[in-house]
1. Hey, among T175, T271, which residue is more than 18 Å from the chain's Cα centre (by Cα), β-branched (V, I, T) and more than 30 Å from I404 (Cα to Cα)?
2. Quick one: would you say L81 is crowded, with 22+ Cβ neighbours inside 10 Å and within 24 Å of the chain's Cα centre (by Cα)?
3. Taking D265 as the residue in question, decide whether it is surrounded by fewer than 18 Cβ atoms within 10 Å (Cβ to Cβ), away from the ligand (no atom under 15 Å from the Cβ), over 24 Å from L41 (Cα atoms) and over 21 Å from the mean Cα position of the chain (by Cα).
4. Provide a single number: the residues in the stretch 141-186 that are among the aliphatic types (A, V, I, L, M), more than 8 Å from the ligand (Cβ to nearest atom) and touching a helix residue (DSSP H, G or I) at 6+ places or on another chain (Cβ under 7 Å).
5. Please go through the stretch 446-467 and give me each residue that is without any contact (Cβ under 8 Å) to a residue 60 or more places away in the chain and closer than 19 Å to R249 by Cα, ordered by number.
6. Give the number of residues within the stretch 1-43 that are among the basic types (K, R), within 23 Å of R91 (Cα to Cα) and at pLDDT below 95.
7. Restricting to the stretch 5-49, and then to whatever is part of a strand (DSSP E or B) and basic (K, R), can you tell me which residue is surrounded by the fewest Cβ atoms within 10 Å (Cβ to Cβ)?
8. Surrounded by fewer than 16 Cβ atoms within 10 Å (Cβ to Cβ) and within 15 Å of the ligand (Cβ to nearest atom): does that describe M448?
Amino acid sequence: MVVTNEVKTLKNFIGGQWTLSESKNVSDIPNPATGEIIAKLPISTREEVNHAVTVAHKAFQSWKKVPVPQRARILFRYQQLLVENWSELARLVTLENGKSYKEAYGEVQRGIECVEFAAGAPTLMMGDQLPDIATGIESGMYRYPIGVVGGITPFNFPMMVPCWMYPLAIACGNTFVLKPSERTPVLANRLAELFKEAGLPDGVLNIVHGGHDVVNGILENKDVKAVSFVGSQPVAEYIYKTAAANGKRVQALAGAKNHSIVMPDADLNNTVTNIIGAAFGSAGERCMAASVVIAVGEIADELINRLKQKADEIKIGNGMDHDVFLGPVIRQEHKERTIQYIEIGENEGALLIRDGREDREQEDGYFVGPTIFDHVTTDMKIWKDEIFAPVLSIVRAETLEEAIMITNQSEFANGACLYTDSASVIRTFREEIDAGMLGINLGVPAPMAFFPFSGYKNSFYGDLHANGRDGVEFYTRKKMVTARY
Ligand code: NAD
């Protein structure tokens, strides 16, 4: 590993000030494509997170009273600054996460869209009235923020996922304490810097870097009223239970194992392009990644040949190189875990038709090439577990009904896709599939910011999803006023 001279320890952002953590405990943040250390992360203490919450709680007293259109204007300025700095933000995403620059550029767009949605706060915050619930009596609903919100985010979308949370929470009048992923923490500081430049008052957005102690500090602090979490399933379950036990609202978005059903009438060119993008884009480290394909009927052999052929053409390397499609996975340990899963698949009897362990052109970073298993069955671990890497499992089925039954057996239910031209097949799929985000003839059906991100089963813990109206409901509470004049 190369250590450059300029490696800096990231600062926390509390009360509008950049402060070095008092913790002596720091960890290295490598560029996953090269192993080069790009920053050091402070493992902040409980006291520091509690201090950030106190500051956020104080800021809430004034921020909640700032007129909503005025809050929205800061969001408009923020949107402008994000647009002006788009390519720098995308480069930071590639640098710390490893995904290709094109994917990173798209991720920044997804983040900006969240800010655009949040800038609609005056309309989103409106209440409802009924002038005569009884003779001479009226009733009205008024919407208010809830207080300090805590956000805990994963490594795979350092821009988009934090942007699911703090812009809307803040536009609704809350203040926020963000704990970014300890593996991709760098971009968060730039996002905060730009928000301050847009005119956000001190203390409204705070960032505390670190590990589990910071998370537990958020979960246990009585002044945190709601927790938004995105990450892996076991942690989501833990966050949901612990935050709820501490009397907080919680939305915890979790892991996934998304199935794509390919019907015999599917347009193979479109299907193959979309599955390759959804399975191997962002190195398979997407909660909407296509990790299982169910090939229905006689299309299987040709589909699989074409997928292998396309996978062979994928350019692997440093995502900063604009021709690269597949970057590294996030860490060496994650690469080793992926290799273990490939071995498990072989031992379970699946047919390894493309072996990403053999793509060895990159020595320094954490690279695994596109990997494809055929003849996967539902008793296999590679079918059950979220591998979160460029590993695609193919299951063969005879009918649509069988394919839907297999999909619905997964303990996860984030997304599912269908490739067909048949309206009646699409309708059956839509009605019968037990997952929250469905794609028809496309590979990554992630909803835009004005719709909820709608996972089910073990892919989501809570009631109100992130984004859209659900997000507004989650970050606000209502007062009902009934009046006789
Ligand atoms: P992770 O669960 O390891 O980490 C997420 C956050 O939780 C991090 O900030 C981390 O510091 C914290 N954390 C981890 N373990 C903890 C513990 N024991 N106690 C307290 N805090 C802890 O997730 P990750 O590996 O960073 O992200 C990948 C996962 O996120 C995948 O499972 C992916 O499917 C999921 N994800 C889901 C969605 C969705 O919308 N459902 C979106 C993006 C990512």
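The values are calculated or read from the model by the stated rules, or taken from the named source; none is laboratory data. All values derive from a computational prediction rather than experimental measurement. All Cβ positions, even for glycine, are placed from backbone atoms using ideal geometry, and neighbour counts span all protein chains on display.
1. T175
2. No, not satisfied.
3. Answer is yes for this residue.
4. Taking the stretch 141-186 first, the residues among the aliphatic types (A, V, I, L, M) are 141, 146, 148-149, 152, 159-161, 165, 168-171, 177-178, 186.
Next cut, more than 8 Å from the ligand (Cβ to nearest atom) only: 141, 146, 148-149, 159-160, 165, 168-171, 177-178, 186.
With the extra rule that they be touching a helix residue (DSSP H, G or I) at 6+ places or on another chain (Cβ under 7 Å), the set shrinks to 148-149, 159-160, 168, 171, 177-178, 186.
The qualifying residues number 9.
5. From the stretch 446-467, those without any contact (Cβ under 8 Å) to a residue 60 or more places away in the chain are 447, 451-452, 454, 456-457; that's our starting set.
P452, S454, Y456, K457 - these are the residues of the stretch 446-467 that are without any contact (Cβ under 8 Å) to a residue 60 or more places away in the chain and closer than 19 Å to R249 by Cα.
6. Looking only at the stretch 1-43, we keep the residues that are among the basic types (K, R), and these are 8, 11, 24, 40.
Now narrow it down to the ones that are within 23 Å of R91 (Cα to Cα): 8, 11, 40.
Among the residues that remain, those that are also at pLDDT below 95 are: 8.
Total meeting the criteria: 1.
7. By that ranking, first place goes to K8.
8. Criteria met by M448.
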